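Working notes, structure below.
What follows draws every value from the coordinates through simple rules; no lab data is involved. This is a predicted model, so every value here is computed, not measured. As a convention, Cβ positions derive from the backbone with ideal geometry for all residues, glycine included, and neighbour counts pool all protein chains shown.
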Amino acid sequence: MAQGDRANGFGDATRGGAIGDPACGPAFIHVAPRSMPLPVLIAVPHAGRVYPSETLARMRDPRLSQLRLEDRLVDLLADRIARETGTGLLVAHAPRALLDLNRAEDDIDWGMIEGGARNAGEGTRRSEAAPGEGRPNRRARSGLGLVPRRLPGFGEIWSGPLARRELDARIELIHRPYHEFLAAELRRIRERWGAALLVDLHSMPPLRLQAGEERAPHYVLGDRFGASCDSRLVSRAFRYLDAQGCTSAHNRPYAGGYVLDRHAAPRRGIHAIQVEVCRSAYLDVELAEPSAGLDPVARMLAGLVRELGAETARLASGGQLAQAAE
């Protein structure tokens, strides 16, 4: 499902939210499989690339900002994985430049909003009774808050401030519908299987080689340092990656973010793991277009999803592999 409706022959599509301009369509699309062979949902929050014309006009360098902000074409991987494994697939079409779905609603750099801190407590529920309103937190200060402001080595993304009403509209039309849908779908899977697993799929720029490493990791698994899923899921994932000859890392430098914090509840049977894939594994040397590595990487990751799905089913059944109801 590459920024379009490819549900035919795969499952039923649900469209939700709105990007703003009616011509841009929904903020996200979910495709549910016709059956549910695994208790897994794959979500892709950062690959959206449907840009309203006024958004592009406000960017200082649209192409560079898009390449740097997007998890470039990782939805192509997700589409292949979902088709091969039969899992559900939730893909955000709203780009990260508009609003970062892996950030909390109050993760705002008010310095980029018209009126700034003096309006920070008005009009939206995210600010109600929030201590320290108007002071950005660490992520926002870094330039990558709810609405990204700056890129390392480049500076300001935007040519001017963002109107407060536009910020509020993005939260209402993109952020809340996406997370409400995601929560409901994970509950639906858990109710059917007894447990559910969210695979939050991202891509990352190539990592630098660290001291003692022969090869930099191509895959990083994040579980919020053990808080977002059962340890058996992570152990099984690393055994699989090792068997495939993949270099991988655990929580460093990516442990997961708001998506895992909000939706993971292992004690209630909802597990979540963030999977970061190096862009050089499936994109060309410019990290812009698909390479010959796309299909092999997708097949390998489909195997990983099967492993994790089987382990989630075992957790649900107390050790015995569960079968989904028909």
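Give the order of Y51, Y178 when sorted by the count of other beta carbons within 10 angstrom, beginning with the fewest.
Starting with the residue having the fewest Cβ neighbours, the order is Y51, Y178.
Given Cα pairs under 8 Å that are at least 6 residues apart, what percent is the relative contact order of the stretch 11-79? Write out the running numbers ahead of the final one.
Working: 59 pairs, mean separation 18.5, N = 69.
RCO, the stretch 11-79: 27 percent.
May I ask for the distance between the Cα centers of the stretch 85-112 and the stretch 202-233, given as a whole number of Å?
21 Å
Could you grab the relative contact order for the chain? Cα pairs under 8 Å, six or more apart, rounded to a whole percent.
20 percent
Just need the relative contact order of the stretch 235-308 here, percent rounded to a whole number, with Cα pairs under 8 Å and 6+ apart.
Relative contact order of the stretch 235-308: 29 percent.
Based on alpha-carbon positions alone, could you give the equivalent ellipsoid semi-axes of the stretch 200-310 from the gyration tensor, as √(5λ), descending, whole Å?
That gives 24, 15, 14 Å for the three semi-axes.
Beyond 38 Å, what percent of the Cα pairs of the chain remain?
13 percent
Dividing the alpha-carbon radius of gyration of the stretch 67-106 by 2.2 N^0.38 Å (N being the number of residues), what value is obtained?
The reported ratio for this selection is 1.36.
Report the GluC sites (Glu not before Pro) located in the stretch 214-301 that are in a DSSP loop and have at most 15 other Cβ atoms inside 10 Å of their Cβ, or state none.
When the GluC sites (Glu not before Pro) of the stretch 214-301 are filtered for loop state and at most 15 Cβ neighbours within 10 Å, E214, E286 remain.
Once you have the Cα-Cα distance between V285 and R268, take 0.36 nm times their residue separation minus that, and quote the gain in nm to one decimal.
Difference between extended and current length: 1.8 nm.
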